[in-house]
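**Student:** Okay, here's the structure, questions in a sec.
Rule-based calculations on the coordinates, nothing more; no lab input. Everything numeric in this text was worked out from a predicted model, so none of it was measured. Here Cβ is always computed from backbone atoms with ideal geometry, including for glycine, and neighbour counts include all displayed protein chains.
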Amino acid sequence: IKNLDDVIVVARTSKTLAFCFVKMQIFSDSIVVFASNEIDLFAFLQSSLHEAWAWKYCTTMKTDLVYTPTNTFETFVIPNVNEAQRNNLINIGRQYLSSRKKILQGTRSGLTKTYNYFHSEDIDLKNCELNDFRHSYLLNLHRQLEKSQSVLSVEDATSEISKLRDLHLEMDNAVLEAYGWQDIDLKHDFYEVDYLPENARIRFTIHPDARKEVLKRLLELNHKIHEEEVTAGLWDKGSKKVKVKRQKKEANKVEDPVSLYGQTKLFEEPNLFSQQDKTIA
């Protein structure tokens, strides 16, 4: 990690689950740090697929998600991708980051407020055209722009937020293609999600049926990788621990299917998703 200029980070406790790149520094324990500056990894992590997995297997603090890497990252299988897929993920990831940065800077808002706008049906060009500021988040955006003396108009900011939603949709589909699951229709729209409080459940995300299918396939893939690791002799029989090899022999070397993104071995059985709060070093 010391050789990287910047790394991917996410708040350990948040409703937002917003990943971003920051310059190397000494990080507080409230931040989860990924030893990577790869934009394609960012695309996987910021996708609705990973968000669904994280909310399914995370611990929580009140109504916030607590991102524990052992439960939500190390168990999230990231597939090998070919060069074309990787380039596509990088291209969309860059566009997504650029659009989000424009909103952050243009509205003088942080990530939490930006994603509140992102998930609000109020933030819509139709409401802007009607000058209909009865909608709470549109009014909040209007006031935020006035307060910050932003050069962006409400229409410009709303248009950029709509663009970010479109890019999120593209990014999700690129991630879906990387898994080879193009048969799943994600049907992005505003939906109620059951993991948030009743008064704040609307999210711009994938359809509940798509979410259920994605989670099912991720878990199946998860089990498949674990079985391959057991077959390869990477686990002690009857133990929850990875077998430690005292001498590395090239003939016994096994390629880790997810080593491209720095993930460790996926499972600890039989308690697959332990709710103990473990942290990465």
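**Student:** Quick check: Cα centre of region 59-83 to Cα centre of region 180-204, how many Å?
**Tutor:** 18 Å
**Student:** Using Cα pairs under 8 angstrom and six or more residues apart, how large is the relative contact order of region 120-228, in percent?
**Tutor:** So the answer I get is 19 percent.
**Student:** For region 1-138, which semi-axes, largest first and in whole Å, follow from the square roots of 5 times the eigenvalues of its Cα gyration tensor?
**Tutor:** Details: eigenvalues 153, 72, 51 Å².
Working from the Cα gyration tensor, I get semi-axes of 28, 19, 16 Å.
**Student:** A follow-up question, please. Any idea what the relative contact order of region 6-261 is, in percent, if you count C-alpha pairs under 8 Å spaced at least 6 apart?
**Tutor:** The value is 18 percent.
**Student:** With r defined as the distance between the Cβ atoms of Gln182 and Lys23 and R0 fixed at 41 Å, what FRET efficiency is calculated, to the nearest 0.05? Walk me through the numbers before you get to the answer.
**Tutor:** Working: r = 37 Å, r/R0 = 0.90.
Plugging the Cβ-Cβ distance into 1/(1 + (r/R0)^6) gives 0.65.
**Student:** Simple spin-label model, 7 Å along Cα-to-Cβ: Gln95 to Ala200 in nm?
**Tutor:** Computed distance between label sites Gln95 and Ala200 equals 3.1 nm.
**Student:** Treat region 6-261 as a sphere of radius equal to its Kirkwood radius over Cα pairs and apply Stokes-Einstein at 20 °C in a medium of 1.002 mPa s; give the translational diffusion coefficient in µm²/s, rounded to a whole number.
**Tutor:** Approximately 107 µm²/s, per Stokes-Einstein.
**Student:** While we're on this one: Extending each Cα 7 Å along its Cβ direction at Asp189 and Lys163, get the distance between those two points in nm, one decimal.
**Tutor:** So the label points at Asp189 and Lys163 sit 2.6 nm apart.
**Student:** In nm, to one decimal, how far is the modelled label at Lys224 from the one at Lys56, with both set 7 Å along Cα→Cβ?
**Tutor:** 1.4 nm
**Student:** Let me ask you something else. How would you rank 208-217, 182-191, highest first, on the average number of other Cβ atoms within 10 Å across their residues?
**Tutor:** Ranked from most to least packed, the peptides come out as 208-217, 182-191.
**Student:** At a Förster radius of 30 Å, what calculated FRET efficiency corresponds to the Cβ-Cβ distance of Glu146 and Thr13, to the nearest 0.05?
**Tutor:** Numbers: r = 31 Å, r/R0 = 1.04.
Working from the Cβ atoms, E equals 0.45.
**Student:** For each pair in Lys113/Lys147; Lys2/Lys113; Lys56/Lys212; Lys23/Lys62; Lys187/Lys212; Lys23/Lys101, compute the distance between the two Cα atoms and list the pairs where it is over 20 Å.
**Tutor:** Those over the limit are Lys2/Lys113; Lys23/Lys62.
**Student:** Something else: So for region 128-210, what are the equivalent ellipsoid semi-axes in whole Å, largest first, each being the square root of 5 times an eigenvalue of the Cα gyration tensor?
**Tutor:** Working through the eigenvalues yields semi-axes of 30, 17, 10 Å.
**Student:** So for region 6-261, taking the charge dipole from beta-carbon charges (+1 Lys/Arg, -1 Asp/Glu), which of Pro79, Gly93, Asn37 sits furthest toward the positive end?
**Tutor:** Towards the positive end, the residue furthest out is Asn37.
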